[in-house]
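Here's the structure we're looking at; comments come further down.
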Amino acid sequence: MADATKQIKFLTYNVWSREDVFVYKRMRAIGALVEKHNPDVIFFQEIMPYIRSIFEDRPWWKKYHCSPLSKLPLDNFGRWKFANSPTGRGYLEADVTPDPATTKPVIRVATTQFERPSPPAPMRCVERYAQAEHASRR
């Protein structure tokens with residue numbers, strides 16, 4: 001078993017913003033995953049105001065800083081919108097400091113959500129390729 005003091009747990013989850021499809025039940029299930037796995041850093045995609053209000057009522061929510069959610073110190077937070085995104089999608093990144101009292105290296109974390117393909121057309125391949133290229137260059 002690995003030494004827990006040397007581990008940082010990450011969780012990334014697209015919560016699916018459809019508020020008309022069992023939203024409360026879905027958010028409670030996602031919240032249960034957070035409680036079960038107790039991640040140090042969380043990146044959620046598609047958080048809408050109502051979804052956020054559901055999460056804010058959960059006991060684990062208060063442990064985290066917002067956007068991204070982290071129990072560890074965050075620095076150098078950045079957000080970029082993709083210039084070619086018709087829906088305002090973008091890229092988030094931050095530096096996580098595992099233990100400020102030691103010389104452990106800072107960890108750069110990031111998340112993004114590309115344009116979704118919308119079959120049969122357009123599949124947004126050009127936009128998705130450019131967005132992936134941008135994210136991998138950061």
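With the structure loaded, tell me whether V34 is touching a residue at least 60 places away in the same chain (Cβ under 8 Å), farther than 22 Å from E115 by Cα and assigned by TED's automatic domain parsing to the domain that holds K9 or whether it fails that test.
No; evaluated as a whole, the condition is false for this residue.
Identify, please: which residue in region 108-125 is loosely packed, with under 13 Cβ neighbours inside 10 Å and either among the small types (G, A, S) or in the same structural domain as L11 (by TED's automatic domain parsing) (or both) and is, among those, modelled with the highest pLDDT? Only one residue tops the list, namely S118.
Note on region 44-97: residues that are assigned by TED's automatic domain parsing to the domain that holds V109, of a type in the set (S, T, N, Q) and outside any strand (DSSP E or B) amount to 4. Residues in region 64-76 that are under 16 Å from I47 (Cβ atoms) and surrounded by fewer than 18 Cβ atoms within 10 Å (Cβ to Cβ) were compared, and the one that is modelled with the highest pLDDT is S67.
Using the structure shown, decide if P105 is in the same structural domain as K6 (by TED's automatic domain parsing), assigned to a loop (DSSP other than H, G, I, E, B) and either among the aliphatic types (A, V, I, L, M) or modelled with pLDDT of 85 or more (or both).
Values: in the same structural domain as K6 (by TED's automatic domain parsing): no; assigned to a loop (DSSP other than H, G, I, E, B): yes; either among the aliphatic types (A, V, I, L, M) or modelled with pLDDT of 85 or more (or both): yes.
Spelling it out, it is not the case that P105 is in the same structural domain as K6 (by TED's automatic domain parsing), assigned to a loop (DSSP other than H, G, I, E, B) and either among the aliphatic types (A, V, I, L, M) or modelled with pLDDT of 85 or more (or both).
Looking at region 56-97, which of its residues are small (G, A, S), more than 16 Å from R108 (Cα to Cα) and touching a Lys or Arg at 6+ places or on another chain (Cβ under 9 Å)? Walk me through it before giving the result.
In the first step, residues of region 56-97 are kept if they are small (G, A, S); the result is 67, 70, 78, 83, 85, 88, 90, 94.
Those left that are additionally more than 16 Å from R108 (Cα to Cα): 83, 85, 88, 90.
The answer is G88, G90.
The values are calculated or read from the model by the stated rules, or taken from the named source; none is laboratory data. Keep in mind the model is a prediction, meaning the values are calculated, not measured. Cβ atoms come from the backbone with ideal geometry, glycine included; neighbour counts cover every protein chain shown.
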